[in-house]
1. Go through region 96-105 and report how many residues are of a type in the set (A, V, I, L, M) and either without any contact (Cβ under 8 Å) to a residue 40 or more places away in the chain or open to solvent by 40 Å² or more (accessible area, probe 1.4 Å) (or both).
2. Would it be correct to say that Thr133 is touching a strand residue (DSSP E or B) at 6+ places or on another chain (Cβ under 8 Å), surrounded by fewer than 19 Cβ atoms within 10 Å (Cβ to Cβ) and of a type in the set (Ser, Thr, Tyr)?
3. How many residues, within region 82-110, are under 19 Å from Leu54 (Cα atoms), assigned to a strand (DSSP E or B) and touching a Lys or Arg at 6+ places or on another chain (Cβ under 9 Å)?
4. Which residue, of Ser161, Ser127, Ser119, Ser146, is touching a residue at least 24 places away in the same chain (Cβ under 8 Å), of a type in the set (Ser, Thr, Tyr) and open to solvent by less than 30 Å² (accessible area, probe 1.4 Å)?
5. Within region 15-39, can you find the residues that are over 18 Å from Thr74 (Cα atoms) and open to solvent by less than 70 Å² (accessible area, probe 1.4 Å)?
6. Only residues that are in a strand (DSSP E or B) and of a type outside the set (Ser, Thr, Tyr): list them for region 134-164, please.
Amino acid sequence: NTLSGYSLTSNITGGTIRTSRGFFNNRTDFNPTGGTVELYGSVNSGLDFINGSLWNLEIDKDVASSVTLNTNLTINNNLTVNSGTITYVNKVLTLANTLNINTGGVFNLGMAGQLKLASGKYLNVNSGGLLKTEGTVADNAIITHSAGYYFISVKNGGTISANNTYFTYLNYIQLQSGSTLDPANAFYRCTFTNNSAAPGG
């Protein structure tokens with residue numbers, strides 16, 4: 001309850017909050033300094049953060065199930081997509097550390113959606129993982145920074161599928177041997193701008 005007179009005192013520095021349904025928060029004073037919120041199971045779920053932030057977020061949905069981000073969200077450490085899909089449009093996800101997309105996991109960034117990564121951090125598409133960025137001509141998907149330059153690394157067995165996407169403030173996209181660039185969406189109508197000029201970029 002956010003009405004006057006109600007307060008929340010929490011001391012969350014570790015552990016896991018798990019739910020097979022959705023997770024909703026509208027309190028400005030919910031900002032754990034550790035621990036993980038884990039969304040699992042076979043039911044499609046919503047993730048709503050009117051206020052506050054998370055430390056770690058882990059997606060462990062069944063392969064055919066998804067989590068929809070319905071609001072902007074700040075994650076102050078890691079996002080891990082082990083299985084299932086996390087998807088959103090027209091929202092901003094700000095991540096302070098690493099995004100790992102693992103076997104059976106899909107990160108689906110839709111039109112006008114933004115992913116903001118921190119300086120020197122990695123978006124890793126690991127074996128069996130899929131990064132999908134699907135904007136439109138009018139409303140590109142955007143992968144950008146909160147500061148500095150970030151990396152995208154598609155590992156052996158990982159897949160990237162990108163169309164109508166702005167990649168800004170990027171060090172480079174690394175396609176390792178054995179990775180896949182979806183031929184139907186091989187950076188179709190994508191734009192790379194304000195990126196690093198570092199060797200190998």
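The values are calculated or read from the model by the stated rules, or taken from the named source; none is laboratory data. Worth saying up front: this structure is predicted, and the values here are computed from it rather than measured. Cβ coordinates were reconstructed from backbone atoms using ideal geometry, including for glycine residues, and neighbour counts include every protein chain displayed. Heavy atoms of the whole protein, side chains included, go into the accessibility calculation; ligands, DNA and RNA do not. Shrake-Rupley method; radii C 1.70, N 1.55, O 1.52, S 1.80 Å.
1. Taking region 96-105 as the starting set, the residues that turn out to be of a type in the set (A, V, I, L, M) are 96, 99, 101.
Applying the additional criterion that residues be either without any contact (Cβ under 8 Å) to a residue 40 or more places away in the chain or open to solvent by 40 Å² or more (accessible area, probe 1.4 Å) (or both) yields 96, 99.
Looking only at that region, the number is 2.
2. Working: touching a strand residue (DSSP E or B) at 6+ places or on another chain (Cβ under 8 Å): yes; surrounded by fewer than 19 Cβ atoms within 10 Å (Cβ to Cβ): no; of a type in the set (Ser, Thr, Tyr): yes.
Answer is no for this residue.
3. Quick first cut of region 82-110, residues under 19 Å from Leu54 (Cα atoms) only: 82, 85-88, 91-101, 107.
Restricting the remaining residues to those that are assigned to a strand (DSSP E or B) gives 82, 85-88, 92-95, 99-101, 107.
Next, from what is left, pick out any that are touching a Lys or Arg at 6+ places or on another chain (Cβ under 9 Å): 82, 85-87, 92-95, 99, 107.
The qualifying residues number 10.
4. None of the other options fit; the residue is Ser161.
5. Applying the first criterion (over 18 Å from Thr74 (Cα atoms)) to region 15-39 yields 15, 18-21.
Across region 15-39, the qualifying residues are Gly15, Thr19, Ser20.
6. From region 134-164, those in a strand (DSSP E or B) are 134, 141-145, 150-154, 159-163; that's our starting set.
If the condition is that a residue be in a strand (DSSP E or B) and of a type outside the set (Ser, Thr, Tyr), then Glu134, Ala141, Ile142, Ile143, His145, Phe151, Ile152, Val154, Ile160, Ala162, Asn163 are the ones that fit.
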